[in-house]
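The values are calculated or read from the model by the stated rules, or taken from the named source; none is laboratory data. Fair warning: this is a prediction, and the values are worked out from it, not measured in the lab. Don't worry about glycine lacking a Cβ; one is built from the backbone with ideal geometry, like all the others, and counts go over all protein chains shown. Areas reflect the complete protein model, heavy atoms only, side chains present, ligands, DNA and RNA absent. Shrake-Rupley method; radii C 1.70, N 1.55, O 1.52, S 1.80 Å.
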Amino acid sequence: VGMSRLLDALGGWDTLPAWGQSAWLALGATRHWLPVLAALGFARRHLRGRDGPWRRMLTEAVFTFYIVHQTVIVVAGHHLARLGLPLLVEATLLVLLTLAGCALSYLAVRQVGWLRPWFGLPPPRGAA
């Protein structure tokens, strides 16, 4: 909201010269990347060298979540849209259903040996 108000105060996109439009786009890109860099810096400082069963499990699960999440979002969103729920309720349910669907998919895939490689999981421990 703040960026759009600033752009309006400057007279709108069409009034900016070419260099101003380029600078505006660079500012927007910087504004999007800085939180990512901050999160990476936080993780490096506070999580480096720390290992545990939760971190190992989450590291293993991330690719399965990546593969499954879009399908879960589309299917759950399609069914939720039919219910006519308020936007905040629908969005919250969509996030929770996506998280649950991805977690359940990971838990199921890790139990089926032949599915593991298709979801980026290593062979089961003790398997040759």
Checklist entry - Taking Cα atoms, how many degrees apart are the long axis of helix 87-109 and the longest axis of the chain, rounded to 10 and kept between 0 and 90? => result 30
Checklist entry - Of all accessible surface on segment 25-88 at a 1.4 Å probe, what whole percent is carbon and sulfur? => result 70
Next on the checklist: Nearest 500 deg cm²/dmol is fine: what mean residue ellipticity at 222 nm does the chain get from its DSSP H runs of n ≥ 4 alone, each adding -39,500 (n - 2.57), divided by its residue count?
Outcome noted: -24500 deg cm²/dmol
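Hey, what's the Cα Rg ratio for segment 71-128 versus the globular rule of thumb, 2.2 N^0.38 Å? Let's see the in-between values first.
Numbers: Rg = 15.6 Å, N = 58, 2.2 N^0.38 = 10.3 Å.
Here the Cα radius of gyration is 1.52 times the empirical estimate.
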Checklist entry - Going toward the positive end of the dipole of the chain, with +1 on Lys and Arg Cβ and -1 on Asp and Glu Cβ, which of TRP24, GLY41, GLY77 do you reach last? => result GLY41
Checklist outcome for this item: Here the relative contact order (percent) of the chain, from C-alpha pairs under 8 Å and at least 6 apart, is 22
Checklist entry - What is the helix-to-structure angle for 53-81, meaning the angle in degrees between its Cα long axis and the longest Cα principal axis of the chain, kept from 0 to 90 and rounded to the nearest 10? => result 60
Checklist entry - So what does VAL75 come to for accessible area, using a 1.4 Å probe and Å² rounded to 10? => result 80
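For the chain, report the accessible area per residue in Å² (1.4 Å probe, heavy atoms, rounded to an integer). Before the final figure, lay out the partial values.
Numbers: 10090 Å² over 128 residues.
The answer is 79 Å² per residue.
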Next on the checklist: How much of the pair distance distribution for the chain lies past 25 Å, counting alpha-carbon pairs only, in percent?
Outcome noted: 57
Item to check | Simple label model, 7 Å out from Cα along Cβ direction - MET3 to ILE67, nm | outcome: 3.4
Item to check | Net dipole in debye of the chain [+1 Lys, Arg Cβ; -1 Asp, Glu Cβ; about Cα centre; nearest 20] | outcome: 700
Checklist outcome for this item: Relative contact order as a percentage, segment 46-103, C-alpha pairs under 8 Å and 6+ apart, gives 44
